[in-house]
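Colleague: To start, I am sharing the structure in question, which I have written as structure tokens.
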Amino acid sequence: MRPRKLTRFWRNRTNASAYLFLAPALLILGLVILYPLLNTLWLSFQHKVLIRPDQDSFVGLQNYAKVLADPDVRAAASHTILFTLCSVGMKVVLGMLGALLLNVKMRGAGWVRTLYMLPWLVPSVVASLVWRWIFNDPFGIANTLLQSFGGPAVNWLGQDTTAMFAVILVDIWRGLPLMTLLLLAGLQMIPRETLEAAMIDGAHAGQRFWRVVLPMMRPTLIMAGTLSLIGTFNSFNIVYVMTGGGPAHATEILVTYVFRLAFQKFNFGYAGTLAVWIIVLLTILTGIYNRLLRERGEGDA
Amino acid sequence: MRLRRIFFTISWWVAAILFVAFLAFPVLWMLSTSLKPSGEIFHIPPTWIPEHPTLHSFTTLWQKGNFLRYLGNSILVALATTGIAVVVASMAGYAFARLPFVGRKSVLFGILAAQMIPGVLFLLPIFMLMKQLGLLNSYLGLILANVTFALPFAIWMMYGFYKHIPAEIEEAAWVDGAGFGGTYFRVVLPMGRPGLLSCAIFCFLSSWDEFVFALALNTRDELRTMPVGLYNFVGQYGIEWNYLMAGALLVTIPAMIFFALFQKQILSGFAAGAVKG
């Protein structure tokens with residue numbers, strides 16, 4: 001909160017230097033984010049299919065209405081909701097358990113901490129390729145494991161439900177370290193005295209968790225959850241490399257659908273419209289996240 | 001009491017092993033596969049540990065194909081991205097933290113929102129932009145794109161970092177007549193080393209992970225980065241998984257070394273960037 005207190009001192013300095021320091025950042029962001037954003041917006045009002053240039057025309061809000069009525073968009077949206085909610089839910093639950101685990105001081109636990117972070121260091125494309133190999137039918141290790149417990153051989157990435165399960169699992173695998181890290185930071189902000197006081201009052205571990213730790217973690221949980229929600233929503237690489245949205249669009253989420261519209265169907269106008277819808281949705285989510293930051297009194301924007 | 005302690009220790013380790021088994025297994029499987037000769041890949045059931053371990057996959061990758069080239073490209077692009085992004089983000093973060101200029105809050109929110117938009121939505125306009133600028137099939141185009149997508153979080157990180165550094169020293173320097181730039185370069189930068197380091201690591205990992213733009217902006221084989229090279233490998237040959245996993249390991253190892261070296265800064269820096277903002 002210091003900058004606010006210092007306002008009077010800094011206000012007397014020239015504002016010009018502030019703009020000088022911001023210029024490179026704003027220039028780059030303006031060129032590669034703001035310009036494409038406006039360009040997308042412009043495209044979204046047009047009918048523009050690359051392979052049919054004769055049909056190019058300005059159609060106003062027509063594409064926007066079309067998106068709302070499009071069954072493919074609906075399917076992709078419901079896959080996105082399923083994918084995002086399952087993945088974020090599991091990441092929050094497992095991340096909480098993992099954070100409690102890593103918060104304990106234990107001899108020899110340094111290794112656990114390091115190995116725990118491993119998935120985060122594997123580039124997402126590489127992670128997806130490795131899991132594709134694990135889920136391979138019939139040579140993958142996943143089926144071997146399943147069969148050693150008496151299960152059937154499954155064509156994981158070739159069937160609707162199992163393919164969805166697989167991409168969700170991989171997303172959880174890759175996102176769990178960061179989630180745990182965020183929750184661990186929140187856990188460490190709980191004052192020791194509060195826990196000790198509860199202990200003296202005779203609360204056992206379960207009570208301490210449900211009555212003390214969890215309520216105090218609420219802001220961190222909500223914030224990390226929102227952040228993860230946005231990140232998971234955008235999980236393009238994993239879905240694209242694992243299944244390409246298949247089989248038969250069973251794992252198609254909104255971001256892969258936009259990609260397919262633009263680069264396989266060359267329907268630039270319509271892809272732009274869907275992109276704008278997604279951006280609006282994400283901006284609302286970001287606004288919520290920002291609000292949560294502010295409520296904690298630490299964010300500033 | 002002692003019994004309870006032993007019970008607690010045992011259950012802690014059981015839980016820890018379960019977590020680590022899930023999280024580390026794919027990486028171990030990558031290693032195991034990469035050490036197998038081609039014939040052993042297609043055993044049913046697969047062998048957990050290679051029966052005839054060999055470095056054949058690695059030496060083959062080394063000799064044929066452009067894997068060294070891809071690896072070099074990835075390193076070049078990631079280092080350049082990191083260098084540019086850290087300088088730019090540090091300057092911007094500092095201005096946001098210290099100077100109460102008009103529109104500061106809206107710009108900060110705009111940057112936060114930009115961070116949340118997936119790059120793939122902008123692929124088409126950026127592709128056309130790069131085409132106009134003549135930056136398709138160049139390192140510079142990809143670096144510029146990677147810098148842009150690393151920048152929003154990097155700015156927030158540096159902003160959060162500078163905000164928590166006491167400003168009195170800078171004021172003193174300023175009163176002594178160092179001026180804004182002088183204060184920044186002589187006082188702020190040296191103090192900001194830990195923040196700059198976490199920021200650099202974030203930018204490096206973000207560029208290292210980038211796939212879609214590397215795939216779309218550079219179509220010439222000699223400019224490909226590792227993720228794209230590996231992805232194309234899948235289509236190219238009826239998937240020789242041992243080679244693929246060897247490549248996967250090669251691209252993961254630099255990130256691991258990076259992490260091992262700077263574990264502390266990474267962990268604290270990330271938590272600070274996302275939680276404290």
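Colleague: Across the stretch A:221-237, in residue order, what do the Karplus-derived ³J(HN,Hα) couplings come to in whole Hz, using 6.51 cos²θ - 1.76 cosθ + 1.60 with θ = phi - 60° and x for Gly and Pro?
Modeller: Rounded to whole hertz, the list is 4, 5, 5, 4, x, 5, 4, 5, 4, 5, x, 5, 3, 8, 5, 7, 4.
Colleague: Can you pull the percent of the stretch B:130-181's accessible area that's carbon plus sulfur, 1.4 Å probe, other chains left in place?
Modeller: Using a 1.4 Å probe with all protein chains present, the stretch B:130-181 comes out at 63 percent carbon and sulfur.
Colleague: Anyone know which of B:Ser57, B:Ser32, B:Ser11 comes out most mobile in the 10 Å Cα GNM of chain B?
Modeller: B:Ser11
Colleague: Checking the cross-link filter: which lysines have an alpha carbon closer than 19 Å to that of B:Lys36, excluding same-chain neighbours under 8 positions apart?
Modeller: B:Lys64
Colleague: Taking the Cα centroid of the stretch A:202-272 and of the stretch A:31-110, what is the distance between the two, rounded to the nearest whole Å?
Modeller: Each part reduced to its Cα centre gives a spacing of 9 Å.
Colleague: Right, something else. Just tell me, in residue order, which DSSP H segments of chain B are both 30 angstrom or longer along the helix axis (alpha-carbon based) and at least 0.5 in mean Kyte-Doolittle hydropathy.
Modeller: Values: long enough: B:2-34 (46 Å, 1.41); B:67-98 (46 Å, 1.31); B:139-163 (34 Å, 1.23); B:241-271 (37 Å, 1.30).
Qualifying helices, which must be both long enough and hydrophobic enough, are B:2-34, B:67-98, B:139-163, B:241-271.
Colleague: Additional query: Which value, in debye to the nearest 20, describes the size of the charge dipole of chain B about its Cα centre when Lys and Arg Cβ atoms bear +1, Asp and Glu Cβ atoms bear -1, and nothing else is charged?
Modeller: Values: 17 positive and 11 negative charges, 119 e Å.
Using Cβ point charges on Lys, Arg, Asp and Glu, chain B gives about 580 debye.
Colleague: Once you sort the root eigenvalues of the Cα gyration tensor of the stretch B:151-244 as a ≥ b ≥ c, which label holds: rounded (a/c under 1.5), prolate (a/b larger than b/c) or oblate (the other case)?
Modeller: prolate
Colleague: What is the distance in Å between the Cα centres of the stretch B:47-107 and the stretch B:123-152?
Modeller: First find each Cα centre; the distance between them is then 16 Å.
Colleague: Cα to Cα, under 18 Å, and not fewer than 8 places away if on the same chain: which lysines meet these conditions relative to A:Lys105?
Modeller: In chain and number order, the partners are B:Lys264.
Colleague: Suppose every Lys and Arg Cβ carries +1 and every Asp and Glu Cβ carries -1, with no other charges. What dipole size does the stretch B:39-176 come out with about its Cα centre, to the nearest 20 debye? Can you show the working numbers first?
Modeller: On the way: 7 positive and 6 negative charges, 97 e Å.
Computed charge dipole of the stretch B:39-176: roughly 460 debye.
Colleague: In chain A, which longest range has no trypsin sites (Lys or Arg not before Pro) that are both DSSP loop (not H, G, I, E or B) and surrounded by at most 13 other Cβ atoms within 10 Å? Each step should come with its number before you reach the end.
Modeller: Values: sites that count: A:Lys105, A:Arg107, A:Lys265.
Between the exposed loop sites, the longest stretch runs A:108-264.
Colleague: Additional query: Can you give me the P(r) profile for the stretch B:69-173? Cα pairs, bins 10 angstrom wide beginning at 0, each as a whole percent.
Modeller: Bin by bin from 0 Å, the calculated values are 14, 36, 32, 14, 5, 0.
Colleague: With unit charges on the beta carbon (Lys/Arg positive, Asp/Glu negative), name the residue among A:Ala203, A:Phe236, A:Met223 whose Cα is farthest towards the positive pole of the charge dipole of the stretch A:172-301.
Modeller: Comparing the listed Cα positions along the dipole, A:Phe236 ranks first.
Colleague: Rounded if a/c is under 1.5, else prolate if a/b beats b/c, else oblate: with a ≥ b ≥ c from the C-alpha gyration tensor eigenvalues square-rooted, which is the stretch A:146-301? Let's see the in-between values first.
Modeller: Details: a/c = 4.19, a/b = 1.51, b/c = 2.78.
In terms of gyration-tensor shape, oblate.
Colleague: Quick check on the stretch B:45-99: what does the Kirkwood estimate of hydrodynamic radius come out to from the alpha carbon pairs, in Å?
Modeller: Details: mean 1/r = 0.0655 Å⁻¹.
Computed over Cα pairs of the stretch B:45-99, the Kirkwood hydrodynamic radius comes out at 15.3 Å.
Colleague: Then there is this: Using the scaling law 2.2 N^0.38 Å as the reference, what is the normalised Cα Rg of the stretch A:73-226?
Modeller: 1.27
Colleague: For A:Ser78 and A:His204 in one chain, what is 0.36 nm times their gap in residues minus the Cα-Cα distance, to one decimal in nm? List each step's numbers first, then the result.
Modeller: Working: separation 126, 0.36 × 126 = 45.36 nm, distance 4.20 nm.
So the extension gain works out to 41.2 nm.
Colleague: For A:Ile51 paired with B:Arg5, estimate the spin-label separation in nm (one decimal), with each label point 7 Å from Cα along the Cα-to-Cβ line.
Modeller: 7.3
Colleague: At 0.36 nm per residue, and after removing the present C-alpha to C-alpha distance, how many nm does the segment from A:Thr114 to A:Glu193 gain when stretched out fully? Kindly include the intermediate steps, with their values, before the conclusion.
Modeller: Numbers: separation 79, 0.36 × 79 = 28.44 nm, distance 2.87 nm.
Contour length minus Cα-Cα distance gives 25.6 nm.
Colleague: Shielding by partners for B:251-260, please: the mean number of other protein chain Cβ atoms within 10 Å of each residue's Cβ.
Modeller: Numbers: counts 4, 7, 1, 1, 6, 5, 1, 1, 5, 2.
Mean shielding count: 3.
Colleague: Which three extents, in whole angstrom, do the alpha-carbon atoms of the protein assembly as shown cover along their principal axes, largest first?
Modeller: So the extents along the principal axes, rounded to whole Å, are 82, 75, 51.
Colleague: Same structure again: Determine the shielding of peptide B:6-15 by partner chains: average, over its residues, the number of Cβ atoms on other chains within 10 angstrom of each Cβ.
Modeller: Numbers: counts 0, 0, 3, 3, 0, 0, 6, 4, 0, 6.
For peptide B:6-15, the averaged partner shielding equals 2.
Colleague: Give me the accessible area per residue for the stretch A:132-235, probe 1.4 Å, as a whole number in Å². Please report the intermediate quantities before stating the final value.
Modeller: Values: 4800 Å² over 104 residues.
For the stretch A:132-235, the solvent-accessible area averages 46 Å² per residue.
Colleague: With point charges of +1 on the Cβ of Lys and Arg and -1 on the Cβ of Asp and Glu, referenced to the Cα centre of the protein assembly as shown, which listed residue (B:Ala246, B:Ala150, A:Leu61) lies farthest in the positive direction of the dipole?
Modeller: Working it through, the farthest residue towards the positive pole turns out to be B:Ala150.
Colleague: P(r) tail for chain A, what percent of Cα pairs lie past 35 Å?
Modeller: Working: 17189 of 45150 pairs.
Cα-Cα pairs of chain A separated by over 35 Å account for 38 percent.
Colleague: Work from the charge dipole of the protein assembly as shown (Cβ charges, +1 for Lys and Arg, -1 for Asp and Glu, about the Cα centre) and give the residue of B:Leu108, B:Pro45, A:Trp173 farthest towards its positive end.
Modeller: B:Leu108
Colleague: If you keep only loop residues by DSSP, which chymotrypsin sites (Phe, Trp or Tyr not before Pro) in the stretch B:175-251 have at most 16 other Cβ atoms within 10 Å of their Cβ? List each step's numbers first, then the result.
Modeller: Working: sites: B:Phe180, B:Tyr184, B:Phe185, B:Phe202, B:Phe204, B:Trp208, B:Phe211, B:Phe213, B:Tyr231, B:Phe233, B:Tyr237, B:Trp241, B:Tyr243; in loops: B:Phe211, B:Tyr237.
Those satisfying the criteria are B:Tyr237.
Colleague: Here's something else I'd like to know. First measure r as the distance between the Cβ atoms of B:Leu31 and B:His52, then evaluate 1/(1 + (r/R0)^6) with R0 = 22 Å and state the FRET efficiency to the nearest 0.05. All intermediate terms of the calculation are to be shown ahead of the outcome.
Modeller: Values: r = 15 Å, r/R0 = 0.70.
Efficiency, from the Cβ-Cβ distance: 0.90.
Colleague: Continuing with this model, one more query. If you line up the Cα atoms of the stretch A:33-145 on their principal axes, what length do they span on each, largest first, in Å?
Modeller: Largest to smallest, the principal-axis extents are 69, 38, 26 Å.
Colleague: For a test of the definition: using alpha carbon positions, the gyration tensor, and the 1.5 limit on a/c, classify chain B as rounded, prolate or oblate.
Modeller: On the way: a/c = 2.54, a/b = 1.39, b/c = 1.83.
Since a/c reaches 1.5 but b/c is at least a/b, the shape of chain B is classed as oblate.
Colleague: Then there is this: Run the dipole for the stretch A:136-211 about the Cα centre, Lys and Arg Cβ at +1, Asp and Glu Cβ at -1, nothing else charged, and hand back the magnitude in debye, nearest 20.
Modeller: Numbers: 4 positive and 6 negative charges, 28 e Å.
With Lys and Arg at +1 and Asp and Glu at -1, about 140 debye.
The values are calculated or read from the model by the stated rules, or taken from the named source; none is laboratory data. Remember, predicted model here, so these are calculated numbers, not experimental data. Cβ sites come from the backbone with ideal geometry, for glycine too, and all protein chains shown count toward neighbours. Surface areas here come from the heavy atoms of the whole protein model, side chains and all, with no ligands, DNA or RNA. Shrake-Rupley method; radii C 1.70, N 1.55, O 1.52, S 1.80 Å.
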